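To start, the structure under review is shown below, and the notes come after it.
The values are calculated or read from the model by the stated rules, or taken from the named source; none is laboratory data. Being a predicted model, the structure only gives us computed values, none of them experimental. Here the Cβ positions follow ideal geometry from the backbone for every residue, glycine too, while neighbour counts run over all protein chains shown. For the accessible areas, the whole protein counts, side chains as well, though only heavy atoms, and no ligand, DNA or RNA atoms are used. Shrake-Rupley method; radii C 1.70, N 1.55, O 1.52, S 1.80 Å.
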Amino acid sequence: ALCYYSRDAIGVTVDSVKATCQVIAQVPTMLLQPLVQTLAVLCTLLCLLYGFAWVLSTGEVVPADHPIVEAGVQIQGVQRGLALSAERWCVVAAWAFGLVWICETVNALGQFAISHAVVISVCFNSSEWLPMLHGYASGVLCHAGTLALGGFAMGCLKFVAAALSLVLRQALREDGSQGVCARALCCCCTSCFLCAERLLKMVNDLVYADVALRGVGYVEAAEHVVQIAAANPATYVAIKGSATAVRVLGVTTIGSLGTYASYAALASSDAQRQLDGVFRGAASVLPTSNIMGTTIAAGFVCFYVAMAFMMVFYQTTYTLMYCMLLGVVAPADDDPAARPCREIR
């Protein structure tokens, strides 16, 4: 009965995954998005952390322990802490929130760039030179306020959830009825904010597709997304599950194969001889080095690259699903770029 009820949703899911592969093959520059996004995040994060260090440097370094008296000699300052005034703590909190806000805005810009490239290629049957860079430029110049509002909403939820987690840790140290009540309230509030954050993240996956498609603001796009998802719950859940499954499978496969290839290259005697032919004396260093540590580091890199590339697939699938639900792109087996455009409402 469930399969019969969801037959249309399964059909749309299959069409969406097929169309995703076709779009990525048709717009290969979308595969550059992980590199561009990583560079943008790293540059932004380094600048913000540099400024955050300047803010912390305005504090006063004070001894954080009691003096130690040994053989008549008093020793103080073995452990040190940072003392900040109430005003400085407010500045630190504001800068920390701004850091989270800006990082979420940059992530939103990356999602918008993918959706923009898909919408331009599929819905408007238009070809652009480097559509990913055009999507980034369009997001910064035309939709900066929308992306900032989406980042602000996500940043608020994450910041409040983190603050409640800190309060919960402090409440765990307290005994008595007041400590129990504080822990219960903090647990409930933290769970509510984490749930709201996950729901907002699910909505944001489609909000930026709606912004790229209709050119509206964040609030109007969010309302429209909720209406479309509520009108097609089976399709939304089916594509959500299939896209998540493909994403997990892709990350696991790419990351595992990359980690194994790294270990095989480091432990293989043939590879060591080839490396010694390129770099003299390199093979003699490998047996004495920590191959397992290098393999673990390579594994982190491989899984990060896999997650970045599968994010392109994930967001592309979501954007195509949204276009299909709106009727802008009709589910079919032909090339999605050749499908007729419909009126966008």
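A few comments on the model shown:
- Top-ranked residue in region 112-144 [being assigned to a loop (DSSP other than H, G, I, E, B) and on the phi < 0 side of the Ramachandran plot; ranked as nearest to the chain's Cα centre (by Cα)]: H143
- Any chance L206 is at pLDDT 85 or above, exposed (fewer than 13 other Cβ atoms within 10 Å of the Cβ) and of a type outside the set (F, W, Y): no
- Residues that are modelled with pLDDT of 80 or more and more than 27 Å from the chain's Cα centre (by Cα) were ranked within region 64-106; the one that is nearest to Y136 (Cα to Cα) is C90.
- Among residues of region 123-141, those that are farther than 18 Å from N204 by Cα, hydrophobic (A, V, I, L, M, F, W, C) and surrounded by fewer than 16 Cβ atoms within 10 Å (Cβ to Cβ), counted: 5
- Of all residues in region 267-289, none are part of a helix (DSSP H, G or I), at pLDDT 65 or above and open to solvent by less than 40 Å² (accessible area, probe 1.4 Å).
Here is a yes/no grid of residues against (1) touching a helix residue (DSSP H, G or I) at 6+ places or on another chain (Cβ under 6 Å); (2) farther than 21 Å from M311 by Cβ:
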residue: G98; (1), (2): no, yes
residue: V119; (1), (2): yes, no
residue: L130; (1), (2): yes, no
residue: F159; (1), (2): yes, yes
residue: Q170; (1), (2): no, yes
residue: A184; (1), (2): no, yes
residue: C195; (1), (2): no, yes
residue: L206; (1), (2): yes, no
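- Which listed residue, of V207, V246, V216, V251, is of a type outside the set (S, T, Y) and outside any helix (DSSP H, G or I): V216
- Scanning region 124-136 for residues that are hydrophobic (A, V, I, L, M, F, W, C) and closer than 15 Å to L32 by Cα gives W129, L130, M132, L133.
- Among residues that are in a helix (DSSP H, G or I), on the phi < 0 side of the Ramachandran plot, of a type outside the set (S, T, N, Q) and exposed (fewer than 15 other Cβ atoms within 10 Å of the Cβ), A93 is included.
- Pairs are defined by a Cβ separation below 8 Å, a sequence spacing of at least 6 or placement on different chains, a first member in region 239-265 that is without any contact (Cβ under 8 Å) to a residue 24 or more places away in the chain, and a second member that is surrounded by fewer than 18 Cβ atoms within 10 Å (Cβ to Cβ) and of a type in the set (G, A, S); the pairs so defined are A264/A271; A265/A271.
- When restricted to residues that are open to solvent by 50 Å² or more (accessible area, probe 1.4 Å), modelled with pLDDT under 80 and either touching a Phe, Trp or Tyr at 6+ places or on another chain (Cβ under 8 Å) or part of a helix (DSSP H, G or I) (or both), region 154-183 contains 10.
- Residue match in region 96-111 (condition: touching a Lys or Arg at 6+ places or on another chain (Cβ under 9 Å), part of a helix (DSSP H, G or I) and among the charged types (D, E, K, R)): yes
- Residue within region 222-229 that is within 15 Å of N107 (Cβ to Cβ) and either open to solvent by 50 Å² or more (accessible area, probe 1.4 Å) or assigned to a helix (DSSP H, G or I) (or both) present: no
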